[in-house]
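Each value in this text was obtained by applying a stated rule to the coordinates, not by laboratory testing. Treat the numbers as computed from the prediction; the structure is a model and nothing was measured. Please note: Cβ atoms are built from the backbone with ideal geometry, for glycine as well, and neighbour counts cover all protein chains shown.
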Amino acid sequence: MSQLDHKSAAWSALFSEPMSDLVKRYTASVFFDKRLWQADIAGSLAHAAMLARQGVISATDLADIRRGMEQIRQEIASGAFDWKLDLEDVHLNIEARLTQLVGDAGKRLHTGRSRNDQVATDVRLWLRGEIDLIAGLLEDLQRALLTLAEQNVDVVLPGFTHLQVAQPVSFGHHMLAYVEMFARDHERMLDVRRRVNRLPLGAAALAGTTYPLDREFVARELGMEGVCQNSLDAVSDRDFAIEFASAASLVMVHVSRMSEELVLWMSQNFGFIRIADRFTTGSSIMPQKKNPDVPELARGKTGRVVGHLVALITLMKGQPLAYNKDNQEDKEPLFDTVDTLKDTLRIFAEMAGGITVVPQAMEQAALRGYATATDLADYLVKKGLPFRDAHETVAHAVKAATSHNCDLSELPLAVLQQFHAAIGKDVYDHLSLRGSLNARNTLGGTAPAQVKAQIERHRKRLAA
Ligand code: ARG
């Protein structure tokens, strides 16, 4: 029997009775942390290479470890690997199998290492890879939204504040607002990555180790940007996971806001967009229904991801230094955050390609809401009125239009002139939706010329 064949034997002769089955199940993590297997093998191989280089293990041991790990890699990839609950976690499972395969060399692998620095390293390596995938998905989503923006630069949407019609905006401009959000999310992910990508290995259990380890070498082998400089901190803090969960929560909050808009826009009361049938579902009782389940679910899943952030940050708050078993609880929230985020980003990028806008419905809504009232006020200011007086004058004009049940642009010149004598025929250029759009030609404004310039900038940025 190899030393690690039974979990109760993993610790030593110190224990006089085996662990109870209930405790075994309660403390085991293998059924979720086996997801870390590739990172675990990579970390072990780098550690072993360093031990050999430093003369702590022999070249033969290293060759045996490499050979054994290669077989384990194949076994896990093919599904043949026999994961054992008795061996608690991914680390002990792989190490026990290695020893089974290569004997003493396998038993030497853990020299100068603890599962405390091992697990922290594994989670960081794994998360680094996931961050790279997520960054790519954030770029895909931006590209999809850019295409949608490009197709709808000249489509006028009523912009809202307080969900009341405010001013006309280009639908393209509205989409670019989300591109900005997801661009910042991308930036945040890459910034978090720098702090994820540091090496805890070599901290051992908590205090460092008596072997002449070369941690810088291991960091280079693993493509890490640096080495955690304090052994206690290295094994205990999970701030990198919390930071990631926070960045992920922000992505989801952005997705959720967009979802809320899609749901509203798709309702009969707005009728601004249609979402391709493949992203909607019917009702089992109401035959006329087409429900925006995808955006609704994304909005719901935002709560789940924010919940994981709260779980992770709460997990940390009461822990004394250094490692505590509490930290095993970091994995499921982290894994689920990554899964939820990746699925959501993928589906949103695809769904963006399935959105059809209904320009007429948007324009009608803008007209019903007097979206160009500010333009009339600005017009009067340019004719010499103080802004506050112009504001008051336009309020009277809106009141008149409301009682005539028409838009400001539909009031005859004579009627408009009753509100102010300075109003001339040219006022109608300012009262049209398109006139209003074109007039907002400042950096970051909604004029189609600005929107096109922004699309160009984003395209270049995303091509780089
Ligand atoms: N499964 C453990 C975790 O996820 C590995 C580290 C265990 N270390 C220990 N000293 N019990 O954190």
Among (1) under 20 Å from Asp426 (Cα atoms); (2) crowded, with 19+ Cβ neighbours inside 10 Å; (3) touching a residue at least 40 places away in the same chain (Cβ under 8 Å), there is one condition Leu345 misses while meeting the rest; what is its number?
(1)
Please find, among Asp61, Asp33, the residue that is surrounded by 15 or more Cβ atoms within 10 Å (Cβ to Cβ) and either under 20 Å from Lys325 (Cβ atoms) or among the β-branched types (Val, Ile, Thr) (or both).
Asp33
Please determine, by comparing only the residues of segment 12-30 that are surrounded by 13 or more Cβ atoms within 10 Å (Cβ to Cβ) and not β-branched (Val, Ile, Thr), which one is nearest to the ligand (Cβ to nearest atom).
Ser29
Residues satisfying the stated conditions in segment 281-295, i.e. in contact with a Leu (Cβ under 9 Å, 6 or more places away or on another chain) and either surrounded by fewer than 20 Cβ atoms within 10 Å (Cβ to Cβ) or assigned to a helix (DSSP H, G or I) (or both)
Val294, Pro295
Only one of (1) more than 14 Å from the ligand (Cβ to nearest atom); (2) hydrophobic (A, V, I, L, M, F, W, C); (3) part of a helix (DSSP H, G or I) is not met by Ala80, so which one is it?
(3)
Scanning segment 323-337 residue by residue, those within 16 Å of the ligand (Cβ to nearest atom), of a type outside the set (Phe, Trp, Tyr) and surrounded by 20 or more Cβ atoms within 10 Å (Cβ to Cβ) turn out to be Asn327, Asp330, Lys331, Pro333, Leu334
Restricting attention to segment 83-117, and to residues there that are closer than 30 Å to Asn230 by Cβ and hydroxyl-bearing (Ser, Thr, Tyr), which single residue is nearest to the ligand (Cβ to nearest atom)?
Ser114
Phe182 vs. criteria aromatic (Phe, Trp, Tyr), in a strand (DSSP E or B) and more than 16 Å from the ligand (Cβ to nearest atom):
no
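Yes or no: Leu176 in a helix (DSSP H, G or I) and buried (at least 23 other Cβ atoms within 10 Å of the Cβ)?
In short, yes.
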Under 9 Å by Cβ, and 6 or more places apart or on different chains, what pairs join a residue from segment 373-389 that is of a type in the set (Ser, Thr, Tyr) with one that is surrounded by 19 or more Cβ atoms within 10 Å (Cβ to Cβ) and not in a helix (DSSP H, G or I)?
Thr374/Gln167; Tyr379/Ile423
Of a type in the set (Val, Ile, Thr) and surrounded by fewer than 20 Cβ atoms within 10 Å (Cβ to Cβ), is that true of Val381?
yes
